[in-house]
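Colleague: There's a structure below that I have some questions on.
The values are calculated or read from the model by the stated rules, or taken from the named source; none is laboratory data. A quick note: this is a predicted structure, and the numbers were derived from the prediction, not measured. Quick reminder, even Gly has a Cβ in these numbers, built from the backbone with ideal geometry, and neighbours come from all protein chains shown. For the accessible areas, the whole protein counts, side chains as well, though only heavy atoms, and no ligand, DNA or RNA atoms are used. Shrake-Rupley method; radii C 1.70, N 1.55, O 1.52, S 1.80 Å.
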Amino acid sequence: MEYRKLGASGLKVPVLSFGTGTFGGKGSFFEAWGNNGVKEATRLVDICLDAGVNMFDSADVYSDGEAETILGKTIKGRRDQVLISTKGTFRTGTGPNDVGSSRHHITQTCEASLRRLGTDYIDIYQLHGFDALTPMEEVMQTLDGLVRAGKIRYLGVSNFSGWHLMKSLAVSEKYGLARHVAHQAYYSLVGREYEWELMPLGLDQGIGAIVWSPLGWGRLTGKLRRGQPAPKVSRLPATAQFGPLVDTEYLYKVVDAIDEVAAETGKTVPQISLNWLLQRPTVSNLIVGARDEKQLRQNLGAVGWNLTAAQVATLDAASYVPKVYPYWHQDQFPDRNPSPVPVPPPDRPLP
């Protein structure tokens, strides 16, 4: 297993972590992901640790907290061997203050996560979404206090826009507060918007990407191909409305290119998709999930080898989509504003 620094921090994380969205299965949304109990989850955690995957990601809202509870039970007696990443901000109750990143709610949710996980500290704590109603000074002072109290070791965000994250970092710098070092963001071969603003920001500010849904919300499992029936077991039909939109023809075009690379490498569609991501700038870690041991072992096969530059170029070309403004305009000024990843030459003059 390869280990990388998490952004500009001194913490090293494995390039793969295990997501606990399949733990618990409470509610129709998470039931579609999986419903592993403590016994099944412990087996998956054992396999991860044997492979050097010592980081586990969760959130307070996954199966209404049950995912954190199960994770805590699976690592009991070996807490010092693992890194725990979890998140808070989303609604956890019916009260007016049971949502957001206020001092009231973040303190409450962090303490609740600690209890469920059976630990006295969280290695990486991320704001699950941006709260536009709470002053950023209150948010960062609260998180800084939790760091100073030893309850959180490293800070991060998830699903922020570029200006959300920059405002957070500016407040930390202004007041000498603990700063974010990670951004848990969506990024995949069929969802490359992360490259447009969040990747350049990460390079400039030392923010490491912890990538969620690196297989495009279950679309890059190898089960979806042109002219083939949909798989009988998939979380996609029940959850697609909550995930990223992907044009069907575009998906097939990307999968066709992956199949071309698969024929050259002998690797699977998920392994190639994950390996491509591991060669992108700012990526510190990919969160992989699995319903069972077979899926997990296949995902673990994404490391220990690398795609060639030509294979990466093939996948880049197949997955490229035209950018929205102002990013398409910025790509036409590469001398002073270079893209962190290759882009096709412009097909029109600079307006």
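Colleague: As an exercise: evaluate I47 against (1) farther than 19 Å from Q126 by Cβ; (2) buried (at least 23 other Cβ atoms within 10 Å of the Cβ) and give the number of the one condition it does not meet.
Modeller: Of everything listed in (1) farther than 19 Å from Q126 by Cβ; (2) buried (at least 23 other Cβ atoms within 10 Å of the Cβ), I47 misses just condition (2).
Colleague: Something else about it: Starting from residues that are of a type in the set (S, T, Y) and more than 15 Å from S158 (Cβ to Cβ), keep the ones in the range 90-118 and report whichever is least open to solvent (accessible area, probe 1.4 Å).
Modeller: Filtering first and then ranking leaves S102.
Colleague: For the range 322-335: of the residues being surrounded by fewer than 13 Cβ atoms within 10 Å (Cβ to Cβ) and at pLDDT 95 or above, which is nearest to Y194 (Cα to Cα)?
Modeller: V324
Colleague: Return the residues of the range 180-217 that are polar (S, T, N, Q) and open to solvent by 10 Å² or more (accessible area, probe 1.4 Å); say none if nothing qualifies.
Modeller: The answer is Q205, S213.
Colleague: Something else: Looking at Q311, Q271 in this structure, which one is farther than 22 Å from W212 by Cβ, open to solvent by less than 40 Å² (accessible area, probe 1.4 Å), polar (S, T, N, Q) and modelled with pLDDT of 95 or more?
Modeller: Q311
Colleague: Here is a further query. Can you pull out the residues in the range 267-290 that are touching a helix residue (DSSP H, G or I) at 6+ places or on another chain (Cβ under 8 Å) and either among the basic types (K, R) or without any contact (Cβ under 8 Å) to a residue 60 or more places away in the chain (or both)?
Modeller: Of everything in the range 267-290, those that are touching a helix residue (DSSP H, G or I) at 6+ places or on another chain (Cβ under 8 Å) and either among the basic types (K, R) or without any contact (Cβ under 8 Å) to a residue 60 or more places away in the chain (or both) turn out to be K267, T268, V269, P270, Q271, I272, Q279, R280.
Colleague: Can you say whether T142 is surrounded by 16 or more Cβ atoms within 10 Å (Cβ to Cβ), modelled with pLDDT of 95 or more, among the β-branched types (V, I, T) and over 27 Å from Y186 (Cβ atoms), as far as the supplied structure shows?
Modeller: No, not satisfied.
Colleague: Here's another thing I want to ask about it. If you check S58 against the conditions, is it surrounded by fewer than 24 Cβ atoms within 10 Å (Cβ to Cβ) and modelled with pLDDT of 95 or more?
Modeller: no
Colleague: Quick check on the range 281-288. Is at least one of its residues more than 16 Å from M199 (Cα to Cα) and either surrounded by fewer than 15 Cβ atoms within 10 Å (Cβ to Cβ) or out of contact with any strand residue (DSSP E or B) (no Cβ under 8 Å at 6 or more places or on another chain) (or both)?
Modeller: no
Colleague: Tell me which helices (runs of 4 or more DSSP H) are completely within the range 24-111 and hold 3 or more residues being over 24 Å from R219 (Cβ atoms) and in contact with a strand residue (DSSP E or B) (Cβ under 9 Å, 6 or more places away or on another chain), or say none if there are none.
Modeller: Once the helices (runs of 4 or more DSSP H) in the range 24-111 are filtered for at least 3 residues that are over 24 Å from R219 (Cβ atoms) and in contact with a strand residue (DSSP E or B) (Cβ under 9 Å, 6 or more places away or on another chain), what remains is 38-50, 66-74.
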